[in-house]
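Worksheet: one structure, shown below.
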Amino acid sequence: RSLHFKVTKGVFIPRPETEILVEEALRTFLCAEHRDNTINILDLATGSGIVAIILAKELLNASIIATDISDVALKIAKENARVHEVEKCITFLKGDLFYPIKGDSEHFNLVISNPPYIPTGDFPDLQAEVRDFEPRIALDGGKEGLSFYRRILSGVTQFLLKNSWLMVEVGDCQAHKVAEIIEATGKFHSPLILKDLSGIERVIKAQRNG
């Protein structure tokens with residue numbers, strides 16, 4: 001989106017396909033329905049902060065909490081937020097997924113995440129520049145690459161307002177499996193699967209039941 005972001009060793013490098021995730025969030029909330037009210041957003045596993053920062057820049061009535069388990073990532077995310085002059089709109093908290101806000105409940109209009117989703121067994125075959133230089137903690141999604149989606153879905157409805165949205169980025173060939181995890185909760189309408197510019201099913205959007 002023509003913005004520059006800093007990354008360092010120990011911080012996941014944002015990928016172009018994450019624009020699909022961001023664009024869908026903007027498409028959903030840049031409308032008259034949300035114009036006059038604060039949009040409360042939770043960004044899980046924020047990394048360099050790119051998702052939270054773009055949403056803060058373009059959704060002027062957004063109030064965002066962004067969590068990450070990595071001190072290095074949070075330091076860089078805060079720097080990026082200052083550079084783009086949205087540091088007052090985003091609260092960065094250290095912790096694993098929902099842990100930093102565990103006392104909150106049914107507060108958010110959007111929970112959004114680009115979590116680790118590479119299956120553990122795929123690491124030996126990754127490109128060297130990814131395998132050897134990017135933080136494994138930001139890549140490894142467990143045996144099937146689905147562990148973070150299961151964890152997110154086990155707790156998200158505690159924090160998500162009724163009729164509000166969950167949006168997640170997924171890896172190649174994972175979309176239908178993640179959609180099944182969402183549907184199994186019984187708390188969401190049928191998920192919508194969106195493709196990236198390469199035709200890969202990349203983003204899942206689901207609305208919580210009213």
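The values are calculated or read from the model by the stated rules, or taken from the named source; none is laboratory data. Here the structure is a predicted model, which means the values were calculated and not measured. Glycine gets a Cβ as well: all are built from the backbone with ideal geometry, and neighbour counts include every protein chain shown. For accessibility, only protein heavy atoms count, side chains too; no ligands or nucleic acids. Shrake-Rupley method; radii C 1.70, N 1.55, O 1.52, S 1.80 Å.
Where the second residue is of a type in the set (F, W, Y) and assigned to a helix (DSSP H, G or I) and the first is within 19 Å of G47 (Cβ to Cβ) and lies in segment 105-122, which pairs have Cβ atoms under 8 Å and are six or more apart or on separate chains?
L110/F29; S113/F148; P115/F148; P115/Y149; P116/F148; Y117/F148; Y117/Y149
Going by the conditions given, is V130 more than 15 Å from the chain's Cα centre (by Cα) and either closer than 24 Å to V22 by Cβ or in contact (Cβ under 8 Å) with a residue 12 or more places away in the chain (or both)? Spell out the reasoning first.
On the way: more than 15 Å from the chain's Cα centre (by Cα): yes; either closer than 24 Å to V22 by Cβ or in contact (Cβ under 8 Å) with a residue 12 or more places away in the chain (or both): yes.
Answer is yes for this residue.
Being surrounded by 22 or more Cβ atoms within 10 Å (Cβ to Cβ), more than 17 Å from H4 (Cβ to Cβ), in contact (Cβ under 8 Å) with a residue 24 or more places away in the chain and not small (G, A, S) is true for just one of I41, I20. Which residue is that?
Selected residue: I41, the only one of I41, I20 that is surrounded by 22 or more Cβ atoms within 10 Å (Cβ to Cβ), more than 17 Å from H4 (Cβ to Cβ), in contact (Cβ under 8 Å) with a residue 24 or more places away in the chain and not small (G, A, S).
Considering only residues that are crowded, with 20+ Cβ neighbours inside 10 Å and assigned to a loop (DSSP other than H, G, I, E, B), which ones fall in segment 90-115?
L97, N114, P115
Have a look at I200, I137, I204, I182 and point out the one that is in contact (Cβ under 8 Å) with a residue 12 or more places away in the chain, open to solvent by 30 Å² or more (accessible area, probe 1.4 Å), more than 20 Å from G95 (Cα to Cα) and among the β-branched types (V, I, T).
Details: I137 fails: more than 20 Å from G95 (Cα to Cα); I204 fails: open to solvent by 30 Å² or more (accessible area, probe 1.4 Å); I182 fails: open to solvent by 30 Å² or more (accessible area, probe 1.4 Å).
Being in contact (Cβ under 8 Å) with a residue 12 or more places away in the chain, open to solvent by 30 Å² or more (accessible area, probe 1.4 Å), more than 20 Å from G95 (Cα to Cα) and among the β-branched types (V, I, T) holds for just one of I200, I137, I204, I182, which is I200.
Given the residues V86, V72, which is the only one that is over 21 Å from I39 (Cβ atoms) and out of contact with any Asp or Glu (no Cβ under 6 Å at 6 or more places or on another chain)? Step through it out loud before you land on a result.
Values: V86 fails: over 21 Å from I39 (Cβ atoms).
Within the list V86, V72, the selection yields V72.
Take the conditions under 21 Å from E19 (Cβ atoms) and surrounded by fewer than 17 Cβ atoms within 10 Å (Cβ to Cβ) and apply them to K143. Does it pass? Before the answer, list the steps.
Details: under 21 Å from E19 (Cβ atoms): no; surrounded by fewer than 17 Cβ atoms within 10 Å (Cβ to Cβ): yes.
So K143 does not fit the description; no.
Take the conditions touching a helix residue (DSSP H, G or I) at 6+ places or on another chain (Cβ under 8 Å), open to solvent by 50 Å² or more (accessible area, probe 1.4 Å) and over 21 Å from D122 (Cβ atoms) and apply them to K187. Does it pass? Please lay out each step first, then the result.
Working: touching a helix residue (DSSP H, G or I) at 6+ places or on another chain (Cβ under 8 Å): yes; open to solvent by 50 Å² or more (accessible area, probe 1.4 Å): yes; over 21 Å from D122 (Cβ atoms): yes.
So K187 passes the test.
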